[in-house]
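One structure is given here, and the rest of the page talks about it.
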Amino acid sequence: MSLQNDLLIRTARGEEVQRPPVWLMRQAGRILPQYRAIRARLSGFKELVSTPSLAAEVTIQPVDELDVDAAIIFSDILVIPEAMGLDYELIEKVGPRFPETIRSAAQVEELIEGNDAAERLTYVYDAVRLTKKELAGRVPLIGFSGAPWTLLCYMVEGGGSKTFSKAKRFLYQEPVLAHQLLEKITTSVIAYLKLKIQAGVDIVQIFDSWAGVLTPVQYQTFALPYIRRICEEVQSVPKIVFAKGAWHALEEFADVPCDVVGLDWTHDPTEARERVGPDKVLQGNLDPCQLYANVEDIERAVQEMLTSFAGRHIANLGHGVYPDTPLEGVKAFVRTVKEMELIL
Ligand code: 1CP
């Protein structure tokens, strides 16, 4: 089915458009009362993720409520470690926890990988197909995956962390094993994204949420080569790479075969454009905390951001929207972008 609003896709492909498309990382979720209502009557987050009709419903909620230019399939990056054989649980108010973490070569050896892992995630592809049907071409559907390094973080650390020092220790103490693990994650991510595309997603984003804990050299060694492989092998839809905190790698991203480079809020748009060069579209990068400000200040900040990017830009935040963000602030963000006719 053809898209009625294909602004995101045309922008990602580098076409000239009247205004930047707008969506928010983590737009489906706790900022919406409709989401909290559904979540409250379920046993937990995993029930929501693994029930296609519910996942489709919460995926479409922000399109109805916020009028964004794209939907992002409701799921989590942690479904890949799970499909590889590491179960996780989501503890209320704490976050994800993996009862078993990767410590040894024998454990890495045992992990399921590639198609064998990806094929276990039928509920994701069912959710994608159902969402596409229910969206009926209103806006594009974004598919996503964690980047190999970020997924390794959870598989070794066992949960969230400020420093990911256990995951980093693994790189320093077991570099060969780390590469073996990254290799297996990479083949799984490639197979997974291909199956999501087959099921109907129009564009994909790779989240390297914990890029920023690595040194520049470690990022070149343990993260970038795997992202490059994914981008080389996943074809047919545009690709967005968002590596939070990898400010040092902007020049390298210019050379990765992706269409869009996501920026966190610490980047100056003009400087980022100079460093990435003219070929990539940029996405971002309003500080998520800006949405706590009053509406007039939000409008001004969004206008300034759009002016500094000056086209070839997808409007978004510099990271996921925080759960306690006032809905009014989120709506002011979206509205201001949509009111801006870009002067090219
Ligand atoms: O309902 C709940 O209370 C569970 C909270 C929650 C939600 C709403 C989790 C657990 N995951 C999600 C959905 C989710 N996760 C989406 C779809 C919603 C949307 O974006 O519209 C997406 C894209 C993700 C991706 C994700 N999960 C990332 C990458 C994006 C980022 O923010 O950097 C990461 C790092 C995760 C791990 C994860 N899953 C859940 C939590 C609370 C976390 C973070 C854990 C930590 O602090 O390390």
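By how many nm would the segment from GLN220 to ARG13 lengthen if fully extended, with 0.36 nm per residue of separation less the alpha-carbon distance?
Here the segment from GLN220 to ARG13 would lengthen by 71.9 nm.
Can you grab the distance from the C-alpha centre of segment 66-88 to the C-alpha centre of segment 221-254, Å, no decimals?
That distance is 19 Å.
Compute the Rg to Rh ratio over segment 245-330 from the alpha carbon atoms, using the Kirkwood formula for Rh, and round to two decimal places.
Answer for segment 245-330: 0.99.
Between beta-carbons, use under 9 Å as the cut-off and find the net charge around GLN34, counting Lys and Arg +1, Asp and Glu -1.
Summing Lys and Arg as +1 and Asp and Glu as -1 gives -2.
Using only Cα atoms, locate the centre of segment 1-61 and the centre of segment 273-296, then give the distance between them in Å, rounded to an integer.
So the two Cα centres are separated by 20 Å.
Once both axes come from the Cα atoms, what is the angle between helix 122-135 and the longest principal axis of the chain, in degrees from 0 to 90, rounded to 10?
Value to nearest ten degrees: 10.
Are there trypsin sites (Lys or Arg not before Pro) in segment 23-52 that DSSP puts in a loop and that have at most 15 other Cβ atoms within 10 Å, and which ones?
Sites meeting the loop and neighbour criteria: ARG30, ARG41.
Using alpha carbons only, how many degrees (0 to 90, rounded to 10) separate the axis of helix 295-309 from the longest principal axis of the chain?
80
Specify the angular offset, from 0 to 90 degrees and rounded to the nearest 10, of the alpha carbon long axis of helix 224-233 from the longest principal axis of the alpha carbons in the chain.
That helix lies at roughly 70 degrees to the long axis.
Report, in deg cm²/dmol and to the nearest 500, the calculated mean residue ellipticity at 222 nm for the chain, where each DSSP H run with n ≥ 4 adds -39500 (n - 2.57) and the sum is divided by the residue count.
So the helix-based figure for the chain works out to -13500 deg cm²/dmol.
Which log10 I(q)/I(0) values does segment 7-343 give at q = 0.14 Å⁻¹ under the Debye formula, counting every alpha carbon as one identical point scatterer?
-1.15
Could you tell me the relative contact order of segment 191-344? Use alpha-carbon pairs under 8 Å, at least six residues apart, and round to a whole percent.
About 19 percent, as a whole number.
For segment 1-124, what class follows from the C-alpha gyration tensor (a ≥ b ≥ c being the square roots of its eigenvalues): rounded when a/c is under 1.5, otherwise prolate if a/b is larger than b/c, else oblate?
In terms of gyration-tensor shape, oblate.
Could you list which residues have their amide H under 5 Å from that of PHE144, counting only those 5 or more apart in sequence or on another chain, with H placed in the peptide plane?
Distant-sequence amide H within range of PHE144: GLN205.
Quick one: net charge around PRO99, please, counting Lys, Arg +1 and Asp, Glu -1 for every other residue with C-beta under 12 Å from its C-beta.
Net of charged neighbours comes to -3.
Highest GNM mean-square fluctuation, the chain, Cα pairs closer than 10 Å: which of GLU89, GLU296, GLU157?
GLU296
Laboratory data are not the source of any read-out in this text; all were calculated from the coordinates shown. Worth saying up front: this structure is predicted, and the values here are computed from it rather than measured. All Cβ positions, glycine included, derive from the backbone under ideal geometry; neighbour counts span all protein chains shown.
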